[in-house]
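**Q** Below: one structure in structure tokens.
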Amino acid sequence: MTRWLALRKPDASPALQLACRAQHFRRWELPRSSYPMTRAGYLTWRSKQKSVAASQVAELLASSEAIQPPLPKEEIDRVAALVRKENLKNDEETQILEDVACLVFLDDQFDDFESKPEIDQDKIVGILRKTWGKMSAPYKTHGRSFPLPPACQSSPQLQHPKMTLSKPPLSSLLSTHDFHQLSLTTLPPKPLAFLTSTATDSHTHRSNTTTYSLLLLRPRILIPVHKPISLCTTLLSSSFLCSSPIYASATSLGKLFHPRGELEIAEACSNLNIAQVISTSASFTLEEICSVGNHAKHFQLYMDKDRENSKKLLKSLQGLGVKSVWLTVDAPVMGKREADERVPVAEEDKEKVLAPMGGTSCITEGEEGALGRVMGSYVDASTCWDDIKWVREQVGEEVKIVLKGVQTGADAKKAMREGVDGIVLSNHGGRSLDTSTATILLLLELQKNCPEVFDKMEVMIDGGVMRGTDVFKALCLGAKGVGIGRGVLCGLAGYGRDGVSRYFEILSKELETSMRMCGVTSLDELHPGFVNTRAVDHLIPDGLGDDHPYAKWKRGGKSKL
């Protein structure tokens, strides 16, 4: 139950997570034989099971001394209501719990159930139809991905058109949320786990997105905005004009989502003339990806423990037209991504998890088979500031150097002093260190404590961007470019290059609308005054020092009286 909930609803509320774990708590202590062996008796038995389980779970949660601090009564009552399946068709969380229970039945229990000699084909078909009938529409698609038992494969009842859900037309996807929701219901378990996995409790992943909604826009009125809007800008290359400040962030293992992976992403970026950042952990070689299209390409580097491997990669940039190297600095080790660790790599996916540039693959199961951990096993945790000079020596002066993963104003200013050409404010999409700062807040930290960095180097941002208004706010607060990672994979998974293009086009159109609504027609007109940040201003630190504003005691020292 927990594994399927993590896959289907990675940001599930604490109450829903508890209800999921308690779904079958002591459920079978109430024997079926206590009730008449009729349909009415069965329904009464199941209803009583849920009621008794909910009461026992509520009592346990209220009395357990192991739960500290104690749970509020409202949360306990909510868990009990979920276990009872109250308001099933109208309560989203209750329906999710039902969907997860159905998926567990189809995935883990149905084979044994179907093998019982007393259950004939008609009974099996009826059980399957009833199970699908309990599930909400998005989850039925995944339910049908499980192989049918032999007794059902030729059943005309299961081939009825109403039992089959097809992928919707690309034109019907109107927002980025549509792509993400579709991925939740159509991707196989391992690609889905890799896509949605986040560090531990997903706080940073959620706050990356939700913090944008706390920043309020301040539109100006009665300003002519009828003229065409140009989103054209340069990113780390004054001679290469991109059609938009939105770019494709580095993403790994594109073949998990499409047979042509990063090649399809490259074709979409070329068609739209937007920048693409190519990951060291891509499914294809740098030469293969760079041979596609004539758009701006940048290379994201994970420093290898064997420096010769990194040296070869950096030397290979010569002649490929790569504009810059983005040295990843927010993942010296891989974060703990539990959703990824719970799902093993299926046999049919093993050829899809090869990373030729990183020289790794994943063919094991369990924690050490998690794609994030294995794909990052070559990363050098000893990488330091001195390595910037080493990278410069390998690529020469023509290729720009960017630090990807800056998360404090102090490090942004140090990067400026070290002479790098750009930084990316990033926390790896919430996949590295949970409870680290939402990236949009980092822009405010730079504006408050070291605004000079915006004049000395280009500042990009990624993480949590779902709307054109998010892009608009980031640009107003000083970002030169805004990266999209997971969204690119969502578009790729469903529709290949066309899906990637559609995803970017939706964001660009929303950005244009936001600009017109605020009374501007050019990126040069954007400034911080368009954004009311008072709801988050108290979260922005004062100054660049490492000292806490009032907590003075430190290990190894003594406080002064």
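The values are calculated or read from the model by the stated rules, or taken from the named source; none is laboratory data. Just so you know, these numbers come straight off a predicted model, no measurement behind them. Cβ coordinates were reconstructed from backbone atoms using ideal geometry, including for glycine residues, and neighbour counts include every protein chain displayed.
**Q** So which residues in segment 241-259 are out of contact with any Ser or Thr (no Cβ under 9 Å at 6 or more places or on another chain) and either assigned to a loop (DSSP other than H, G, I, E, B) or among the basic types (Lys, Arg) (or both)? Before the answer, list the steps.
**A** First pass over segment 241-259, keeping only residues out of contact with any Ser or Thr (no Cβ under 9 Å at 6 or more places or on another chain): 247-248, 258-259.
Hits for segment 241-259 are His258, Pro259.
**Q** Quick one: would you say Glu458 is in the same structural domain as Met334 (by TED's automatic domain parsing), without any contact (Cβ under 8 Å) to a residue 24 or more places away in the chain and farther than 18 Å from Pro332 by Cβ? Spell out the reasoning first.
**A** Values: in the same structural domain as Met334 (by TED's automatic domain parsing): yes; without any contact (Cβ under 8 Å) to a residue 24 or more places away in the chain: no; farther than 18 Å from Pro332 by Cβ: yes.
The answer is no for Glu458.
**Q** If you go through segment 469-487, how many residues are part of a loop (DSSP other than H, G, I, E, B) and touching a Pro at 6+ places or on another chain (Cβ under 6 Å)? Steps first, please.
**A** Let us first name the residues in segment 469-487 that are part of a loop (DSSP other than H, G, I, E, B), namely 477-480, 485.
Of the ones still in play, those that are also touching a Pro at 6+ places or on another chain (Cβ under 6 Å) are 477.
Looking only at that region, the number is 1.
**Q** I need the full set of residues from segment 514-533 which are touching a residue at least 60 places away in the same chain (Cβ under 8 Å), assigned to a loop (DSSP other than H, G, I, E, B) and surrounded by fewer than 17 Cβ atoms within 10 Å (Cβ to Cβ), in order please.
**A** Keep residues of segment 514-533 that are touching a residue at least 60 places away in the same chain (Cβ under 8 Å), which gives 514-523, 528-533.
Subsequent filtering for residues that are assigned to a loop (DSSP other than H, G, I, E, B) retains 518-521, 533.
Result: Gly519, single match.
**Q** Which condition breaks for Thr210 when tested against (1) under 27 Å from Ala12 (Cα atoms); (2) at pLDDT 95 or above; (3) in a loop (DSSP other than H, G, I, E, B)?
**A** Going through (1) under 27 Å from Ala12 (Cα atoms); (2) at pLDDT 95 or above; (3) in a loop (DSSP other than H, G, I, E, B) one by one, Thr210 breaks only (3).
**Q** Next question. With Ile278, Ile265 as the choices, which residue is assigned to a helix (DSSP H, G or I) and at pLDDT 95 or above? Lay out the reasoning, then the answer.
**A** Working: Ile278 fails: assigned to a helix (DSSP H, G or I).
Being assigned to a helix (DSSP H, G or I) and at pLDDT 95 or above holds for just one of Ile278, Ile265, which is Ile265.
The rows are residues; the columns are (1) surrounded by 18 or more Cβ atoms within 10 Å (Cβ to Cβ); (2) in a helix (DSSP H, G or I); (3) at pLDDT 95 or above.
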| position | (1), (2), (3) |
| --- | --- |
| Gly405 | yes, no, yes |
| Ala410 | no, yes, yes |
| Val424 | yes, no, yes |
| Thr435 | no, no, yes |
| Ile440 | yes, yes, yes |
| Glu445 | yes, yes, yes |
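**Q** Being free of Cβ contacts under 8 Å to residues at least 60 places away in the same chain and crowded, with 21+ Cβ neighbours inside 10 Å is the requirement here; does Leu511 meet it?
**A** On the way: free of Cβ contacts under 8 Å to residues at least 60 places away in the same chain: no; crowded, with 21+ Cβ neighbours inside 10 Å: yes.
In short, no.
**Q** Among the candidates Gln276, Gln300, single out the residue that is crowded, with 22+ Cβ neighbours inside 10 Å and touching a His at 6+ places or on another chain (Cβ under 7 Å). Explain how you work it out, then say what you get.
**A** Numbers: Gln300 fails: touching a His at 6+ places or on another chain (Cβ under 7 Å).
The unique qualifying residue is Gln276.
**Q** I've got another one for you. Say whether the condition of being over 22 Å from Leu192 (Cα atoms), assigned by TED's automatic domain parsing to the domain that holds Leu477 and in contact with a strand residue (DSSP E or B) (Cβ under 9 Å, 6 or more places away or on another chain) is met by at least one residue in segment 247-262. Please lay out each step first, then the result.
**A** We begin by selecting, within segment 247-262, every residue over 22 Å from Leu192 (Cα atoms); these are 247.
The next check asks that each one be assigned by TED's automatic domain parsing to the domain that holds Leu477; those that pass are 247.
The next check asks that each one be in contact with a strand residue (DSSP E or B) (Cβ under 9 Å, 6 or more places away or on another chain); those that pass are 247.
Checked segment 247-262: at least one residue is over 22 Å from Leu192 (Cα atoms), assigned by TED's automatic domain parsing to the domain that holds Leu477 and in contact with a strand residue (DSSP E or B) (Cβ under 9 Å, 6 or more places away or on another chain).
**Q** Kindly list, by first and then second residue, each pair from a residue in segment 269-287 that is within 16 Å of Arg486 (Cβ to Cβ) to a residue that is acidic (Asp, Glu), limited to pairs with Cβ atoms under 6 Å and residues at least 6 apart or on different chains.
**A** Ala282/Glu262
**Q** Please state which one of Arg220, Arg144 is of a type in the set (Lys, Arg) and at pLDDT 90 or above.
**A** Checking each option against the conditions leaves just Arg220.
**Q** Which of the residues spanning segment 75-97 are within 29 Å of the chain's Cα centre (by Cα), farther than 14 Å from Ala22 by Cβ and surrounded by fewer than 18 Cβ atoms within 10 Å (Cβ to Cβ)?
**A** Selection gives Leu88, Lys89, Asn90, Asp91, Glu92.
**Q** Can you tell me which residues in segment 523-553 are touching a strand residue (DSSP E or B) at 6+ places or on another chain (Cβ under 7 Å) and farther than 19 Å from Leu214 by Cα?
**A** Going through segment 523-553, the residues touching a strand residue (DSSP E or B) at 6+ places or on another chain (Cβ under 7 Å) turn out to be 523, 530-532.
Of everything in segment 523-553, just one residue is touching a strand residue (DSSP E or B) at 6+ places or on another chain (Cβ under 7 Å) and farther than 19 Å from Leu214 by Cα, namely Leu523.
**Q** Just one of Gly335, Gly293 is part of a loop (DSSP other than H, G, I, E, B), within 30 Å of Asp201 (Cβ to Cβ), in contact with a helix residue (DSSP H, G or I) (Cβ under 8 Å, 6 or more places away or on another chain) and assigned by TED's automatic domain parsing to the domain that holds Asp421; which is it? Quick ask: steps written out before the conclusion?
**A** Numbers: Gly293 fails: within 30 Å of Asp201 (Cβ to Cβ).
Answer to the selection: Gly335.
**Q** Given the criterion at pLDDT below 95 and among the polar types (S, T, N, Q), identify the matching residue among Thr200, Thr204.
**A** Details: Thr204 fails: at pLDDT below 95.
After applying the criteria, what remains is Thr200.
**Q** Just to be sure, is Leu241 at pLDDT below 95 and buried (at least 24 other Cβ atoms within 10 Å of the Cβ)?
**A** In short, no.
**Q** Looking only at residues that are of a type in the set (A, V, I, L, M) and surrounded by fewer than 13 Cβ atoms within 10 Å (Cβ to Cβ) in segment 198-236, which one is farthest from Ala474 (Cα to Cα)?
**A** Residues of segment 198-236 of a type in the set (A, V, I, L, M): 199, 214-217, 221-223, 225, 229, 231, 235-236.
Now restrict to residues that are surrounded by fewer than 13 Cβ atoms within 10 Å (Cβ to Cβ): 216, 221-223.
Working: Leu216: 12, Ile221: 21, Leu222: 24, Ile223: 22 Å.
Once the filter is applied, the top-ranked residue is Leu222.
**Q** Condition first: over 19 Å from Gly430 (Cβ atoms) and in contact with a helix residue (DSSP H, G or I) (Cβ under 8 Å, 6 or more places away or on another chain). Now tell me which residues in segment 206-219 satisfy that. Please lay out each step first, then the result.
**A** In the first step, residues of segment 206-219 are kept if they are over 19 Å from Gly430 (Cβ atoms); the result is 216-219.
Selection gives Leu217, Arg218, Pro219.
**Q** In segment 3-26, is there at least one residue being under 30 Å from Ser207 (Cβ atoms), in contact with a Cys (Cβ under 8 Å, 6 or more places away or on another chain), at pLDDT below 80 and surrounded by 12 or more Cβ atoms within 10 Å (Cβ to Cβ)? Spell out how you get there, then give the answer.
**A** Keep residues of segment 3-26 that are under 30 Å from Ser207 (Cβ atoms), which gives 3-23.
Still in the running and in contact with a Cys (Cβ under 8 Å, 6 or more places away or on another chain): 5, 12.
Narrowing further to those that are at pLDDT below 80: 5.
Checking which are surrounded by 12 or more Cβ atoms within 10 Å (Cβ to Cβ) leaves us with 5.
Yes, segment 3-26 has at least one match.
**Q** Name the pairs: first residue in segment 40-54 and in contact (Cβ under 8 Å) with a residue 24 or more places away in the chain, second residue in a helix (DSSP H, G or I), Cβ to Cβ under 6 Å, at least 6 apart or on different chains?
**A** Ala53/Arg27; Ala53/Val83; Ala54/Ala80; Ala54/Val83
**Q** It is to be established whether one or more residues within segment 493-503 are closer than 22 Å to Leu174 by Cβ, crowded, with 21+ Cβ neighbours inside 10 Å and touching a strand residue (DSSP E or B) at 6+ places or on another chain (Cβ under 9 Å).
**A** Yes: segment 493-503 contains one or more residues that are closer than 22 Å to Leu174 by Cβ, crowded, with 21+ Cβ neighbours inside 10 Å and touching a strand residue (DSSP E or B) at 6+ places or on another chain (Cβ under 9 Å).
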